[in-house]
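Just below is one structure, and these are the notes that go with it.
A short reminder: the numbers here are calculations on the coordinates, not readings from a lab. From a predicted model like this one, the values you see are computed outputs, not experimental measurements. Neighbour counts are summed over all protein chains in view; Cβ atoms, including those assigned to glycine, are modelled from backbone coordinates with ideal geometry.
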Amino acid sequence: MILFAEADDKWRRFEIKNSPFLCLIGFLLLMALGGCASLWPVPPLAASAASESYAKEAGYYYSLAILKRLDGDLSGAVDDMKRALDYAPGSSYLSTELVSLYVENGNVDSALTLGEQTLKRDPGNMDLRSIMGGIYFSRQEYEKAIREYRLIIEMDPKNAVSYLYLATIYAQEKRFSEAEKAYQKMLEIDPDNVIGLYYYAKTLVQMNRQGEAENLYRKIISQRPGFESAWQEWGALLEAQKKYAEAIDIYRRYLEANPTRFVYRVRIAENLIRLGKPDEALGEFQRVLAIEPDNREVRAALGLLYYEQKKYAEAATEFIKLLEAKPADDRLRYLLANTLEQKGDLKQAKAEYLKVSTVFELFANARIHAAMILKKEGDLKGAASLIHQAIEKKNDDAILYLYLSSLYEDLKDLAAAEKTVLDGLRQFPKNAELHYVLGTIQEKTHRHDESLKTMEKVLEIDPKNADAMNFIGYSYADRGIRLDEAEKLISQALAMKPDNGYILDSMGWVLFKKNRIDEAVRYLKKALEYLPDDAAILEHLGDVLLHQGRHQEALDCYRQAVKNDPDNKRMKDKIDALLKKK
């Protein structure tokens, strides 16, 4: 009988990352696949009711099946086990072995069919029920799995393994009260079952009983110091509680006995960073690299640490070393390009961005960064051409169309900007951002009614789009129409973005139009706290102050607006008009 504690190294490789409980399935199936004798003693083949010669034929093919299974020939093992069963059709033992082989060979449907048929004539076959429970568990047919384990417990009330499986299923379904009862029953039978303690601890974490979980991890480690998963989960639990120093202590204790498990040095370094000790973290990385200079995980982590510390030259050095060994790694290439950009080496950064392949998930971002560099260099046309080429290569990201349209707006070519957005909408008809940009272009080309319809379309797609609400509300306010509706829309937008200077400006403007002057001034001044150099907000505040008769303050606002927008003729006219009044 294989105990849980004896199978520690085997079951770990079956762990399923996204579910803390499903990894037990692998262990269950592992034991099932290893033959039913791995769970409970089974009757020898000679116990078959068949005649002696009949049993010899069955035994011959059974032996062949076992040998082929050991050689890795699972299909051959299945065929021979089926022949053995032909000679002993009533043998529950052979049927159970064949079910096990079917599972191991991936033929679960055949395993289920044969298993269900066998249990009808031999309902007391606990070995087979355990295998069937594992199959149902792996197929997420939890009620059927529960049924099998309960039946085993009815036949064998001291069966700790079945209690553990039951507990694990209940935990998977978040039936925590039932799970805890099953764990406790299991521990009454086998109080030192470390695998049971381990899964009980994981369940306690799910139940937000972290202190009890820590106590169980502590008990597991005292019994099995080499149980790595327990150390790992304990450290992760401490990290989740932001007990970074304690997590470091756990990892260091494990490293004392397992100094080559460098992954824990990385975790120590990560926690040191969280504690604001980057230099100590750097030391941990360097200790690993002194022994394993080609450790890619550690070198990448070191590069990221340098990046976070704004040591861009050192970070670039690490990423370059990694790329030398793996030049097709787009993620590293992107990191290197971004590092060079932060370092100020724009020419080399652009070259690295352009090497990022179209299959990389951030291809569009890489091309946009390269275009931004060209824009910084004053080459707007080159930047636009680069994004055009990117769209021709891979047009599955709306951000390319959005950025290209903004480049055309910078080039004062609104017709090209609008065409780009329309091209994008043919690819992404439900993209709210593209519709929003189209609306702003329509407004800039004095197609006010069209722009409002487009913004209404934005709200159809994204009912909580604060920018579209603000746009419509401001448009109404600026025209002096539907002012109550305008205030309602802007209020909703402001509730979502209370620190947005443009929305605060809109609220000030609609309040001014509704003759709530003092409130308008407050909102406009608050808007300037966020956008102190915005010429439009300064003009609005100047207009409201002028309405109050505060001429000098209005003049100051207009002058500041002209300073920030020297080509604004309307503002200059307002200044001239005020000066003439003086």
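Odds and ends about this structure:
- Mean separation of Cα contacts under 8 Å, 6 or more apart, over the residue count of the chain: relative contact order %: 4 percent
- Coordinate range along principal axes, alpha carbons of the range 461-581, Å, largest first: 49, 26, 22
- Calculated FRET value between residue 223 and residue 522, using beta carbons and R₀ = 60 Å, to 0.05: 0.35
- Of the residues 317, 118, the one with the fewest other Cβ atoms within 10 Å heads the list, and the complete ranking is 317, 118.
- Cβ charges +1 (Lys, Arg) and -1 (Asp, Glu), total dipole of the chain, debye: 1500 debye
- Ranked by how many other Cβ atoms sit within 10 Å of their own Cβ, fewest first, the residues 330, 192 fall in the order 192, 330.
- Highest average packing first - 347-353, 159-165, Cβ atoms within 10 Å: 159-165, 347-353
- Inter-probe distance in nm under a simple model that places probes 7 Å from Cα toward Cβ, at residue 550 and residue 488: 3.2 nm
- Ranked list, fewest to most other Cβ atoms within 10 Å of each Cβ, for 307, 199: 307, 199
- Diffusion coefficient, µm² s⁻¹, Stokes-Einstein with Kirkwood Rh over alpha-carbon pairs of the chain at 25 °C and 0.890 mPa s: 80 µm²/s
- Taking only the Cα atoms of the range 218-264, the radius of gyration and Dmax are 10.1, 27 Å.
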